[in-house]
Every structure is written in C-alpha cells, then in structure tokens.
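Structure, as structure tokens:
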Ligand code: PFF
C-alpha cells in the first residue's frame, strides 16, 4: 500500500475542520491562560513575550507542520509511526525512541496539568457561589492559599479531573470532542474579550499593555529565553507526539501548512488576550506580576467580584477553562493509549485505566509540592517546578529538535513533498527552516541557557 493510502486503526477526523478544532483544543489550554501570564510576569514582560512570539514563528510553526506530516504519513501511535517511517527510509529503528520520549513527556506533563486543572474546577464552584463578590485582593489571595494548602482538596479535584479525562479518552478522542470544541472555543474567546473590556476600565490598562509589549532586554536572562522557547512548544502541544497522533487521524486531502497556521494563530491570540486581561488587574490592585502559578487565581476573581453579573461570568469562565484544559489533557495521554492498544493488545478502556492510574499517582507529588513538601527543593525548585522545567523546557524542545531533524534530514524530499503538497516556494522555505534554522535555534537557546555561549 502506498504511504499516502494508509489508514489509522483508531479512526479519522470527519473533516479538515474537525482536525483544526481538535488540534486547537489540544493547543489552547492552561498553557495559554494560566501559564503564559505567570511566566511572563516572572520573566519581566515585553522582552520575554517578544522572544516567545519569535519562537512560535521560527521554531513552533515549522515543527508543527513537521509533526502533523509525520503523523499523517505513519498513521499509528507516535512510537510505531517513527519506527515505520525510519524503516521505509532505510534508517535506524532507534528513531522509535523519539516516540517513547514523547509518551514519557506526556505522562509527566499530565500528572501536574491535571492538578492545576483541578484548581480551575474548584474555582467553578467558588465563582458560581458568589464567594468573590466585593472581595479584596487580600481576601482573594487568602482563598487561593486555603485551597493549595489542603492536600485533601487538591487530591479530590485532581481525581475528578483525571476521571473526566480518562472517560473521554476511553471512548476514543473523536466522538464528542469535535462538537465540544466547536462550541466552547469561541465562547472562551468571547469571555476573554469581556475580561479585556473589564481590564480597560481598571485604570491600569496601559500599564498592563506596556508590561506585555514594551521589551526591556535587560530583564532577559539565558534561562528566560529557554523558558520562552519551552513555552512555545508547550502551548502548541509540540515535541511529544500529541499533534503527531492528531495528525494521524487527519484526512489525506487537507492542507497541513494552512491548518498549522490557523492553530498557531488561534493559540497565540488566546494567550495574548489572557495577558491583556490579567496584567491591568495586577497593576490596578498593586499585586505582584511575578506571583507565580497562582497568578490568574489571585487576579481574575477580583474582576469577577467587581463586575456586573460577575458570579455568572466567573462561573462560565472557569467552566470554559476547565474544558480547555480537558481538551488538552486528552491529547497528552493519547500517544500512550494508542501504543498500548497497538502493541500490547489492551482494549482502549483498560489502556486508559492503567495509564490514567499511573498519571494520577504521580500527580500526588505535585499536590504535595504546594503544601506538605513545599520546603523540599532541588536547585531552588519544588517537585512541581522541577517537573514543569524538565518537561516544558528540556524534553519538549529536545523532542522538537529531533522531529525537525527527522522531517528535514531523514524523511526523503519525495515523501515530505508528497505529504505536504505545498506550492514549491513555500515547501522550500519550510524545508530550509526545519533543516537549518529550527534545529540551530533550539541548540543555541540550550547552549545559551547553560552558559556555554552568550
Ligand atoms: N498545549 C497545552 C496548553 O497550552 O495548555 C498543553 C499541552 C497539551 C502540552 C498537549 C503538550 C501537549 F502535548
């Protein structure tokens, strides 16, 4: 069978749009609304945002095209796809370890992602009950502390979120996901615009905008550049096979480059809107932009507590945030589940149970790192910080580097040209980027962060 006639045993998206929606569902998540604002706050604002945007364009989009292409070419779990394509090109089967590294990264990320998604879930009830109405910044901060200092509560929310995730994955990611994302993504977008509207009236809108968009390069360390690049991978779900497995369900006729641009564009707009909503509130209330992972939970409730119909908007916002997190979470575990089904003869349901259970257990480490283990640090980082740093800033960029090398140097020109079916000039631009620019950029950022150059 010709490579471009292969079918996935796990099914196919119903259309090009279904792929765009699902991949956008994977990309848009806690990374945009929770992580982007807090790491921007910790890394000084404008210059960091600029580096992040450059990384999306130069590293993120070319790798997204590469990853979707590899996925659709192989049409299997990332591990088996890498092995198959390497074999077809007469290359070493060791390329399959790239798939393995992705499965491991997805598992590690989901373990803490689910804990944070649990916070969003808890805030659905807090916002809906009117708890934030008229509350001061101190009171809102106190409520957040009260949540994260309780391991039992965090465990309960983490458990609920993991169960929600595994139920969807066990049914197969295609059913239900498309329609959910079709409705929820635009709603999330509208609510973010409402929040930006609120931020415009805080009196500190311009301070917030300046913080986000006025670059001050003196605030940028080598580590900040690495974090910005790592975040470009994290937010676009790249470097671990999530977008690859979604690509494997993509119809053959759809254009990979066009859809990749749409996904990256939507993802970036959502992150910037979140920043534009949050930083004015931070400055208007004299809060600390570098407050860390609690940032959105300490700022947005202030907006909901002071706007008309705030309880309703707050409730809706956290529901949508939970859904955005959920549509990302399912893509984090899908590569592992498909491998268990393809190679170990698991049914989809038991594959979900075992991988979900392992992820849930590891999540305990993140839960404790916010309370009982908060004093335990290595290189000044808690267990959660270490896991986040290792996955987002090391494993995903390394995974992406090898995906670029595979797409640019291992896969033949004929194969990638056939799969991408782009106009010749654009194809040449893409190939030049993944062969030279993207790998060199990733390596330079790594060397710069560890102080070898720069
Ligand atoms: N892109 C998701 C977010 O921004 O929240 C997180 C994520 C999902 C990262 C899937 C990696 C991944 F494979």
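FYI, it's all coordinate maths here, none of it is from the lab. All values reported here derive from a predicted model rather than from experimental measurement. Note: ideal-geometry Cβ built from the backbone for every residue, glycine included; neighbour counts use all protein chains shown.
Taking other Cβ within 10 Å of each residue's Cβ, how do 59, 103, 372 sort, fewest first?
Details: 59 28, 103 24, 372 11.
The order, fewest Cβ neighbours first, is 372, 103, 59.
Just want the ordering: 95, 354, 34, from fewest to most Cβ atoms lying within 10 Å of their own Cβ. Can you show the working numbers first?
Values: 95 21, 354 15, 34 25.
Lowest count first: 354, 95, 34.
Against the globular-protein guess of 2.2 N^0.38 Å, express the Cα radius of gyration of the chain as a ratio, rounded to two decimals. Write out the running numbers ahead of the final one.
Numbers: Rg = 21.1 Å, N = 454, 2.2 N^0.38 = 22.5 Å.
Ratio of Rg to 2.2 N^0.38 Å for the chain: 0.94.
Relative to one another, the C-alpha centroids of segment 292-323 and segment 41-67 are positioned 26 Å apart. Suppose a student asked you for the relative contact order of the chain, using Cα pairs under 8 Å spaced at least 6 residues apart; what percent would you report? For the chain, the relative contact order is 36 percent.
Between the Cα long axis of helix 96-128 and the first principal axis of the chain there is an angle of about 30°, rounded to the nearest 10. Relative to the longest principal axis of the Cα atoms of the chain, helix 256-284 runs at roughly 10 degrees. Average projection, convex hull of the Cα set of segment 97-143: 4.2 square nanometres.
In the chain, the longest principal axis of the Cα atoms and the axis of helix 295-306 are about 50 degrees apart.
Ranked by Cβ crowding within 10 angstrom, fewest neighbours first, how are 272, 433, 361 ordered?
Numbers: 272 19, 433 22, 361 10.
With the fewest neighbours first, 272, 433, 361 line up as 361, 272, 433.
Mind checking the full-extension length gain between residue 5 and residue 424? Use 0.36 nm per residue of separation minus the Cα-Cα distance, one decimal, nm. If you can, show how the numbers build up before the last one.
Details: separation 419, 0.36 × 419 = 150.84 nm, distance 2.26 nm.
In short, 148.6 nm is gained.
Per-residue extension of 0.36 nm, minus the Cα-Cα distance of residue 15 and residue 386, leaves a gain of 129.6 nm for this segment. Normalised by 2.2 N^0.38 Å, where N is the number of residues, the alpha-carbon radius of gyration of segment 197-250 equals 1.72. Taking the average, over residues, of other Cβ atoms within 10 Å as the packing measure, peptides 81-88, 11-18, 126-133 rank 81-88, 126-133, 11-18 from highest down. Residues of segment 274-297 falling in the label zone of residue 219, defined by backbone nitrogen less than 17 Å from a point 7 Å along Cα to beta-carbon, are 274-293, 295-296. Ordering of 307-314, 24-31, 240-247, 257-264 by packing is 240-247, 24-31, 257-264, 307-314, highest average first (other Cβ atoms within 10 Å, averaged per residue).
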